[in-house]
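A short write-up of the structure that comes next.
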Amino acid sequence: MNTRLTCDVVVIGAGMTGAACALYAARAGLDVTVVDRGPVAGGTTGAGEGNLLVSDKEPGAELELALLSNRLWAELAEETGERAETGRMIEYEAKGGLVVASSEQGLAALTDLAAGQRLAGVVAEQVPADRLRDLEPHLAPGLAGGVYYPQDSQVMPALAAAHLLRVSGARLLTGRTVTEVLRTADGSVRGIRTGHGDIHAPAVVNAAGTWGGEVAALAGVSLPVLPRRGFVLVTEPLPRRVRHKVYSADYVADVASDSASLQTSPVVEGTAAGPILIGASRERVGFDRSFSLPVVRALAEGAVRLFPFLSEVRALRTYAGFRPYMPDHLPAIGPDPRVPGLFHACGHEGAGIGLATGTGHLIAQALGGKAPETDLAPFRPDRFEEEAA
Amino acid sequence: MRTELAVVGAGPAGLAASLAAAARGVHVTLIDAAEDAGGQFYRQPAAGLGARRPRALHHQWRTWERLRDGLAASSTVRHLTGHHVWCVERNSASSGASGRSERSAAFGVHALLGRFQDEPVTVHADAVLLATGGYEKVLPFPGWTLPGVVTAGGAQAMLKGGLVVPGRTAVVAGTGPLLLPVATGLAAAGVQVAALVESADPKGLVRRLPALAAKLPEAAGYASRLLRHRVPFMAGHTVVEAHGEDRLEAVTVAALDPAGRVRPGTGRRIPCDTLAVGHGMLPHTDLAETLGCRVDGVNVQVDDEQRTDVPGVWAAGETTGIGGAALALAEGHIAGRSIAARLQGTAPDPREWAAAASSRTRLRQFFAAVDSVCAPPAHWTEQVTDDTVVCRCEEVRAGTVREAVHGLGAGDLRTVKLLTRAGMGWCQGRVCGPAVAGLAGCDLTPTRRPFARPVPLGVLARTDHPAEADHTTEEGPS
Ligand SMILES: Cc1cc2nc3c(=O)[nH]c(=O)nc-3n(C[C@H](O)[C@H](O)[C@H](O)COP(=O)(O)OP(=O)(O)OC[C@H]3O[C@@H](n4cnc5c(N)ncnc54)[C@H](O)[C@@H]3O)c2cc1C
Ligand SMILES: Cc1cc2nc3c(=O)[nH]c(=O)nc-3n(C[C@H](O)[C@H](O)[C@H](O)COP(=O)(O)OP(=O)(O)OC[C@H]3O[C@@H](n4cnc5c(N)ncnc54)[C@H](O)[C@@H]3O)c2cc1C
């Protein structure tokens with residue numbers, strides 16, 4: 001079947017980022033088509049978790065984007081469309097995060113981090129050791145203290161991508177691989193080519209996640225997006241025993257002390273459906289899908305250390321995904337000055353669910369020629385060009 | 001625990017392989033979740049229940065006796081019962097050589113035992129044979145979750161366990177050769193079998209049956225037994241609905257047209273209190289997938305020696321393709337001989353297993369022919385109403401799956417699961433996988449299940465893994 005379509009903007013990628021770009025672009029009045037080689041959420045969006053965290057980010061551009069994004073997530077969750085309440089459909093929960101430290105040294109590092117975050121607008125409440133169990137009754141004894149972050153929330157990523165796409169009203173074309181970014185004689189974008197025909201549009205958004213570098217290459221530009229593998233463990237369904245997102249701050253101290261043997265620092269969280277999610281590991285092993293028992297054991301160890309009762313709880317499954325990361329750990333967001341009409345929205349590493357709304361919002365502003373709400377300079381897609389040169 | 005060969009699965013394939021390898025001097029550890037050897041086929045009547053005439057049910061009883069006695073007499077096969085293998089791990093340090101220390105063992109076979117399956121045991125082995133068999137495939141239809149509806153295998157197990165109550169009325173339905181022993185077995189145990197409903201096209205059956213019967217004398221035996229017990233055989237029919245308030249009271253059976261659609265107006269109600277239903281079998285491939293073995297379609301791929309493409313890993317029996325007990329025996333025998341030679345550093349001589357190889361060829365052809373005739377109706381999903389539960393663990397209905405595909409853009413088993421939860425429960429999609437694939441119109445691809453059994457986090461978290469001590473991970477919460 002050959003189709004020829006025309007629209008205002010083509011979004012490549014039906015993951016969380018593409019869905020959010022489609023939503024905000026459509027709301028800005030643009031006619032949007034989303035294309036994916038697989039189904040909805042078939043990429044990293046369907047292989048990770050849905051933490052919307054501000055707690056794990058140091059003050060700077062990423063934290064600003066996270067704060068904007070969390071505000072937008074909360075707004076979306078409140079919306080009641082004609083068909084259903086978005087918040088419930090995407091399993092949005094503003095449950096808050098609790099970061100705990102096991103040593104005085106770790107607590108000092110965490111307290112420092114929180115102080116800086118507060119200045120950037122993060123709500124961070126110090127929790128003394130003897131109050132930790134008020135928040136999390138099943139936490140291990142002997143912890144030094146922690147910080148509570150009420151803004152940390154969560155969604156179910158695949159549902160969020162699917163429902164944002166649905167409410168956007170954008171045209172969704174799955175099962176179509178983009179093989180070419182079409183350009184005019186002067187080099188600007190005029191559409192894309194797929195195995196099922198061409199789609200003409202003056203703007204193309206690269207929301208291809210971990211494969212964003214390949215899509216950029218189709219437009220003749222380089223974008224260094226690389227895979228970083230992560231495993232998640234899922235337990236049997238349980239009655240709610242873990243109330244917040246809980247993770248250990250020890251990695252903050254480890255980074256500060258430049259320790260050689262770094263630890264996995266899994267986030268432990270209950271879900272609306274009952275299972276507890278434990279994730280996630282981080283490794284740079286390319287696109288290697290093979291199962292690694294040692295990595296999963298490390299996750300389990302970290303989780304049991306925080307919540308001893310988990311020792312008896314069964315893991316039902318585990319899965320792996322590939323975070324899209326860029327060398328400076330910041331995403332590429334905004335117009336590509338090298339190719340007029342090409343916009344990038346990829347490379348969000350371990351925060352692409354959380355940062356999706358802000359990213360979509362900023363992309364829609366850029367598509368509409370408006371001044372972006374936050375400075376896009378740190379996310380410039382061509383920022384690595386100079387280094388290479 | 002240290003062994004040369006770890007065999008997972010003590011069914012016909014695993015038993016034959018263990019004995020064949022042991023006869024060549026290999027130290028074998030045979031591991032099975034069940035309390036007794038025998039697998040699905042030779043599952044013994046539970047001691048004390050006094051099941052009558054096991055010979056009548058177990059036609060290859062003598063083969064079984066030989067295997068059982070061989071196992072009991074063997075001093076080199078250690079049989080671990082009640083061991084649920086949750087993962088077979090390939091140790092990266094070693095490359096399948098026959099080193100002796102635990103550290104250099106090529107594989108760690110991780111099992112759970114005890115009443116609560118929470119005691120960890122690891123068997124370290126130089127070579128592994130996967131003989132985990134298969135499991136039943138059941139497609140949903142309205143009413144299929146009513147008490148009284150059982151799988152064909154469930155009925156067979158009830159029979160072999162001596163738990164069948166004579167005087168009841170049963171319908172046996174679905175497709176495939178398993179239905180025959182189930183129907184004749186039930187009838188012989190005094191159950192009134194009101195119908196054997198096979199969806200295969202009668203013309204195809206008539207065309208193929210004589211050839212099939214010639215290849216497998218067993219089939220003719222079943223046919224005569226069906227006649228003797230006056231079991232009505234309804235080919236080209238399917239059960240479209242099971243009825244009942246709290247439990248099964250009747251089924252509606254209808255005729256199929258050549259395209260595999262239900263013919264309107266042909267529905268007929270048959271009262272019964274048991275419906276044994278099966279749509280064939282699917283191989284267990286979890287352990288193989290996790291080891292990285294090639295799985296083609298739904299079968300673990302093996303070469304003429306039953307080797308997978310992962311060095312040191314063999315597979316035999318139904319995990320490599322559904323084909324009955326005799327085929328499993330032949331494959332197991334070949335695997336055992338191949339493993340013995342390879343572990344001893346020699347190339348095996350295929351002439352050693354010429355007889356097994358020729359029955360393997362014959363039986364594979366036979367089952368390929370069976371497969372070409374016995375298939376669920378092409379349009380079975382049309383009978384599945386939107387409110388029919390498809391995933392029993394998570395109670396996901398057909399309408400929800402359809403909405404995920406047509407309304408939300410799901411396109412494969414994984415994304416349907418993510419958007420509906422179908423396949424996320426205890427069985428991890430083993431039961432509902434074929435149904436969801438059918439409803440979604442996608443291929444049934446083996447789902448990755450790194451844990452073949454649920455495993456306690458405390459077992460995972462144990463820190464005494466010397467081989468893994470050098471592993472470092474990176475920091476960060478997400
Ligand atoms: C284990 C793990 C845990 C994580 N936990 C969190 C978390 O808690 N919170 C958080 O915010 N983030 C988390 N992440 C990160 C998050 O999952 C990703 O950042 C996010 O999913 C990226 O979404 P995306 O839409 O940019 O990419 P994807 O979801 O990968 O979507 C890209 C899409 O582009 C399509 N595509 C690629 N090439 C082409 C082509 N040529 N033609 C057509 N289509 C194409 C792909 O098929 C794919 O569907 C985690 C990741 C992992 C792996
Ligand atoms: C209802 C029914 C009727 C049948 N009737 C006939 C018939 O009349 N004639 C015929 O030829 N065939 C029949 N079969 C088929 C026959 O049972 C199989 O072909 C045969 O048992 C396959 O042998 P196998 O060794 O490959 O696997 P199986 O016999 O299935 O043995 C596999 C073993 O592996 C064990 N196992 C699996 N996974 C694990 C794990 N993770 N950890 C530990 N242990 C594990 C299981 O407990 C099992 O004991 C029938 C099957 C069924 C279900």
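The values are calculated or read from the model by the stated rules, or taken from the named source; none is laboratory data. Not measured: the values here are computed from a predicted model. Note: ideal-geometry Cβ built from the backbone for every residue, glycine included; neighbour counts use all protein chains shown. Protein only, heavy atoms only, side chains kept; ligands, DNA and RNA dropped before computing areas. Shrake-Rupley method; radii C 1.70, N 1.55, O 1.52, S 1.80 Å.
Using alpha carbons only, how many degrees (0 to 90, rounded to 10) separate the axis of helix B:217-228 from the longest principal axis of chain B?
That works out to roughly 30 degrees.
Among the aspartates and glutamates, which fall within straight-line cross-link reach of residue B:203, defined as a Cα-Cα distance under 14 Å, with same-chain neighbours fewer than 8 residues apart omitted?
Within the straight-line limit of under 14 Å, residue B:203 reaches these aspartates and glutamates: B:257.
Report the label-to-label distance for residue A:385 and residue A:103 in nanometres (one decimal), using points 7 Å from each Cα along the Cα→Cβ vector.
Going by the 7 Å Cα→Cβ label model, 4.6 nm.
Please find the FRET efficiency linking residue B:157 to residue A:214, where r is the Cβ-Cβ separation and R0 is fixed at 45 Å, and quote it to the nearest 0.05. Working shown, then result.
Details: r = 51 Å, r/R0 = 1.14.
That pair, residue B:157 with residue A:214, gives E of 0.30.
Over the Cα atoms of chain B, each weighted equally, I'd like the Debye log10 I(q)/I(0) at q = 0.06, 0.12 Å⁻¹, rounded to two decimals.
Those come out to -0.28, -1.13, one per q.
Can you give the accessible area of residue B:314, probe radius 1.4 Å, in Å² rounded to 10?
Rounded to the nearest 10, that gives 10 Å².
Give the shape of segment B:384-437 as rounded, prolate or oblate, defined through the alpha-carbon gyration tensor: a ≥ b ≥ c are the square roots of its eigenvalues, a/c under 1.5 means rounded, and otherwise the shape is prolate if a/b is larger than b/c and oblate if not.
It comes out oblate by the Cα gyration axes.
Under the Cβ-under-4.7 Å rule, which cysteines of the protein assembly as shown stay unpaired?
A:7, A:21, A:346, B:87, B:272, B:293, B:374, B:393, B:427, B:442
I want to check the label-to-label distance for residue B:249 and residue A:290. Put each point 7 Å from Cα in the C-beta direction and report it in nm to one decimal.
Label at residue B:249, label at residue A:290, 5.8 nm between them.
Please turn the phi angles of segment A:198-213 into ³J(HN,Hα) values with the Karplus equation 6.51 cos²θ - 1.76 cosθ + 1.60 (θ = phi - 60°), one per residue in order, whole Hz, x for glycine and proline.
For segment A:198-213, the Karplus curve yields 9, 10, 9, 6, x, 9, 10, 9, 8, 10, 8, x, 5, 9, x, x Hz.
How large is the dipole of segment A:40-131 about the Cα centre if only Lys and Arg carry +1 and Asp and Glu carry -1, each at its Cβ, rounded to the nearest 20 debye?
Once rounded to the nearest 20, the dipole reads 40 debye.
Distance between Cα centroids, segment A:269-336 to segment A:23-76: provide it in whole Å.
19 Å
Could you calculate the contour length gain from residue B:362 to residue B:223, that is, 0.36 nm times the residue separation minus the distance between their Cα atoms, to one decimal place in nm?
My answer for the length gained is 47.9 nm.
Using only Cα atoms, find the angle between the long axis of helix B:354-373 and the longest principal axis of chain B, and express it within 0 to 90 degrees, rounded to the nearest 10.
Once rounded, one gets 30 degrees.
Could you work out the mean count of beta carbons from other protein chains within 10 Å of each residue's beta carbon in A:199-205?
Taking the mean over all residues of the peptide, I get 0.
Enumerate the calculated ³J(HN,Hα) couplings along segment B:404-419 in order (Karplus 6.51 cos²θ - 1.76 cosθ + 1.60, θ = phi - 60°), each rounded to whole Hz, writing x wherever the residue is Gly or Pro.
Along segment B:404-419, the couplings run 4, 7, 8, x, 10, x, 5, x, 8, 4, 5, 6, 4, 4, 4, 8 Hz.
Estimate the FRET efficiency between residue B:351 and residue B:263 by the formula 1/(1 + (r/R0)^6), using the beta-carbon distance for r and 60 Å for R0, to the nearest 0.05.
Rounded to the nearest 0.05, the efficiency is 0.65.
Among B:17, B:70, B:140, whose Cα lies farthest out toward the positive end of the dipole of the protein assembly as shown, if unit charges sit on the beta carbon of Lys, Arg (+1) and Asp, Glu (-1)?
B:70
With every protein chain kept in the model, how would you rank A:211, A:73, B:426 by accessible area, 1.4 Å probe, largest at the top?
So the residues, ranked largest to smallest area, are B:426, A:211, A:73.
Using modelled backbone amide H atoms (1.01 Å from N, in-plane), which distant-in-sequence or interchain residues come within less than 5 Å of residue A:38's amide H?
Hits under the 5 Å cutoff: A:175, A:176.
Tell me the label-point distance for the pair residue A:188, residue A:312, using the 7 Å Cα-to-Cβ offset, in nm and rounded to one decimal.
Modelled inter-label distance: 6.7 nm.
Using only Cα atoms, tell me the angle between helix A:16-27 and the longest principal axis of chain A; keep it within 0 to 90° and round to the nearest 10.
Between helix and principal axis, roughly 60 degrees.
Using θ = phi - 60° and the Karplus curve 6.51 cos²θ - 1.76 cosθ + 1.60, what whole-Hz ³J(HN,Hα) does each residue of segment B:122-137 get, with Gly and Pro shown as x?
10, 9, 8, 9, 7, 9, 10, 10, 8, 10, 8, x, x, 9, 6, 9
Estimate the FRET efficiency between residue A:126 and residue B:427 by the formula 1/(1 + (r/R0)^6), using the beta-carbon distance for r and 35 Å for R0, to the nearest 0.05.
Values: r = 45 Å, r/R0 = 1.29.
According to the calculation, E is roughly 0.20.
With unit charges on the beta carbon (Lys/Arg positive, Asp/Glu negative), name the residue among A:55, A:165, A:213 whose Cα is farthest towards the positive pole of the charge dipole of chain A.
Value computed over the given set: A:165.
Using a 10 Å cut-off on Cβ atoms, rank the peptides B:7-16, B:112-121, A:19-28, A:109-118 from the highest mean neighbour count down.
Packing proxy ranking, top to bottom: B:7-16, A:19-28, A:109-118, B:112-121.
As I understand it, the dipole of chain A uses +1 on the Cβ of Lys and Arg and -1 on the Cβ of Asp and Glu, about the Cα centre. Which of A:310, A:111, A:362 lies farthest toward its positive end?
A:310
Dipole of the protein assembly as shown, Cα-centred, from +1 at each Lys and Arg C-beta and -1 at each Asp and Glu C-beta, to the nearest 20 debye?
Magnitude of the dipole: close to 3860 debye.
Relative to the Cα centre, what is the charge dipole magnitude of segment B:380-440, using +1 at the beta carbon of each Lys and Arg, -1 at the beta carbon of each Asp and Glu, and rounding to the nearest 20 debye?
Numbers: 7 positive and 7 negative charges, 52 e Å.
The calculated dipole for segment B:380-440 is roughly 240 debye.
Alpha carbon centre of segment B:262-282 versus segment A:130-199: separation in Å?
What the calculation gives is 45 Å, centre to centre.
For residue B:426, what charge total do you get from the other residues with a beta carbon under 13 Å from its beta carbon, if Lys and Arg give +1 and Asp and Glu give -1?
+4
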